[in-house]
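Down below is the structure, laid out as structure tokens.
The values are calculated or read from the model by the stated rules, or taken from the named source; none is laboratory data. This structure is a prediction, so every number in the text was calculated from the model and none was measured. Heads up, the Cβs are rebuilt from the backbone with ideal geometry, glycines too, and the neighbour counts pull from every protein chain shown. The area values use the complete protein model at the heavy-atom level, side chains included, leaving out ligands, DNA and RNA. Shrake-Rupley method; radii C 1.70, N 1.55, O 1.52, S 1.80 Å.
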Amino acid sequence: ALPNLLVNGASGIAVGMATNIPPHNLAEVCDALAFVIDRYDQIDDITVEQLMRFIKGPDFPTGGILYRYDRESGPEREDVIARAYAAGRGHFRVQAQAHIEEMSRNRSRIVVSELPYQVNKTNLIERIAEIAREGRIEGISDLRDESDRSGMRIVIELTRTADPRAVLADLYKYTPMQQTFGMTMLALVDGEPRLLSLKRVLQLYVEHRREIIRRRSEFDLARARERAHILQ
């Protein structure tokens, strides 16, 4: 039995409500559950910060960079992941992993190796080609997909006069290479939709497993008593 709601995530829309739970790392979730079980008698005292020692944040299968702090925040930067886990709702900025490589004759290229969650690679390449044709991004001379079994690799070659950092900033601005993931941890609890914090999700999972184990044990006991009756 695994806490699939957190590990695999979930998304769906119903009448007047929606859920969008990001996937999480299995080992991290299990470590957090063990922490909750060990302190179940003092569960009210468990904080989000304690749970985040184990669950660092969402674990997107496509990789990318997830920003923990708001770009606009000042010196007292607020942890948007901790805030979302505490409230059950929040927004994260997710960005593609890209780096600049130098080429011959003073030219350079941008190589994209990871994409934000649920961004389609083919659609992204078509989008980059489209805005390059429209002239919204200048300096792109060639675009190709060099992905193979060793990993993803989108290569964007630039002209000699192009500033690679400026082009990369425009790519983040005009293409799905930068996305906002809106998390809403809405789930059915006793048949009613509830917005759940990270701690509440873990607590409900532990309660669910306790109920399953109790019912399984009662079933095994009933069978054993029936067998004992026959033997007697």
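If you take the residues of the range 47-92 that are assigned to a strand (DSSP E or B) and touching a Pro at 6+ places or on another chain (Cβ under 9 Å), which of them is farthest from residue 20 (Cα to Cα)? Quick ask: steps written out before the conclusion?
Going residue by residue through the range 47-92, those that are assigned to a strand (DSSP E or B) are 65-67, 69, 79, 89-92.
Checking the rest, the ones that are also touching a Pro at 6+ places or on another chain (Cβ under 9 Å) come to 65-66, 92.
Working: 65: 19, 66: 16, 92: 12 Å.
Result: 65.
Among the numbered criteria (1) open to solvent by less than 70 Å² (accessible area, probe 1.4 Å); (2) at pLDDT below 95; (3) in contact with a Phe, Trp or Tyr (Cβ under 9 Å, 6 or more places away or on another chain), which single criterion is violated by residue 77?
Only one criterion in (1) open to solvent by less than 70 Å² (accessible area, probe 1.4 Å); (2) at pLDDT below 95; (3) in contact with a Phe, Trp or Tyr (Cβ under 9 Å, 6 or more places away or on another chain) is unmet by residue 77, namely (1).
Within the range 3-25, how many residues are without any contact (Cβ under 8 Å) to a residue 60 or more places away in the chain and in contact with a Leu (Cβ under 7 Å, 6 or more places away or on another chain)?
Matching residues across the range 3-25 total 2.
Can you run down the residue pairs with Cβ atoms below 8 Å, 6 or more apart or on separate chains, where the first is in the range 184-197 and free of Cβ contacts under 8 Å to residues at least 60 places away in the same chain and within 15 Å of residue 12 (Cβ to Cβ) and the partner is open to solvent by less than 40 Å² (accessible area, probe 1.4 Å) and not hydrophobic (A, V, I, L, M, F, W, C)?
Pairs that qualify, where the first residue is free of Cβ contacts under 8 Å to residues at least 60 places away in the same chain and within 15 Å of residue 12 (Cβ to Cβ) and the partner is open to solvent by less than 40 Å² (accessible area, probe 1.4 Å) and not hydrophobic (A, V, I, L, M, F, W, C): there are none.
For residue 222, state whether it is among the aliphatic types (A, V, I, L, M) and assigned to a loop (DSSP other than H, G, I, E, B).
On the way: among the aliphatic types (A, V, I, L, M): yes; assigned to a loop (DSSP other than H, G, I, E, B): no.
No: the conditions fail for residue 222.
Just checking, which of 198, 204, 186 is among the aliphatic types (A, V, I, L, M) and touching a strand residue (DSSP E or B) at 6+ places or on another chain (Cβ under 6 Å)?
186
Within the range 20-42, take every residue that is out of contact with any strand residue (DSSP E or B) (no Cβ under 8 Å at 6 or more places or on another chain) and among the polar types (S, T, N, Q) and give me the one that is least open to solvent (accessible area, probe 1.4 Å). Explain how you work it out, then say what you get.
To start, the set of residues in the range 20-42 that are out of contact with any strand residue (DSSP E or B) (no Cβ under 8 Å at 6 or more places or on another chain) comprises 23-42.
Keeping just the survivors that are among the polar types (S, T, N, Q) gives 25, 42.
Working: 25: 50, 42: 96 Å².
Filtering first and then ranking leaves 25.
Would you confirm whether or not the range 95-107 contains a residue that is open to solvent by less than 30 Å² (accessible area, probe 1.4 Å) and under 30 Å from residue 49 (Cβ atoms)? Break it down stepwise before answering.
Step one: of the range 95-107, the residues open to solvent by less than 30 Å² (accessible area, probe 1.4 Å) are 95-96, 98.
Now restrict to residues that are under 30 Å from residue 49 (Cβ atoms): 95-96.
Yes: one or more hits.
Listed residues 194, 165, 160, 215; which is at pLDDT 95 or above and surrounded by fewer than 18 Cβ atoms within 10 Å (Cβ to Cβ)?
Working: 194 fails: at pLDDT 95 or above; 165 fails: at pLDDT 95 or above; 160 fails: at pLDDT 95 or above.
Just a single option satisfies the conditions, and that option is 215.
Quick one: in the range 211-232, of everything that is within 34 Å of the chain's Cα centre (by Cα) and not basic (Lys, Arg), which residue is nearest to residue 190 (Cα to Cα)? Let's see the steps before the verdict.
Just the residues of the range 211-232 that are within 34 Å of the chain's Cα centre (by Cα), to begin with: 211-216.
Subsequent filtering for residues that are not basic (Lys, Arg) retains 211-213.
On the way: 211: 13, 212: 15, 213: 18 Å.
Only one residue tops the list, namely 211.
Are any of the residues in the range 5-18 open to solvent by 30 Å² or more (accessible area, probe 1.4 Å) and assigned to a helix (DSSP H, G or I)?
Checking the range 5-18: at least one residue is open to solvent by 30 Å² or more (accessible area, probe 1.4 Å) and assigned to a helix (DSSP H, G or I).
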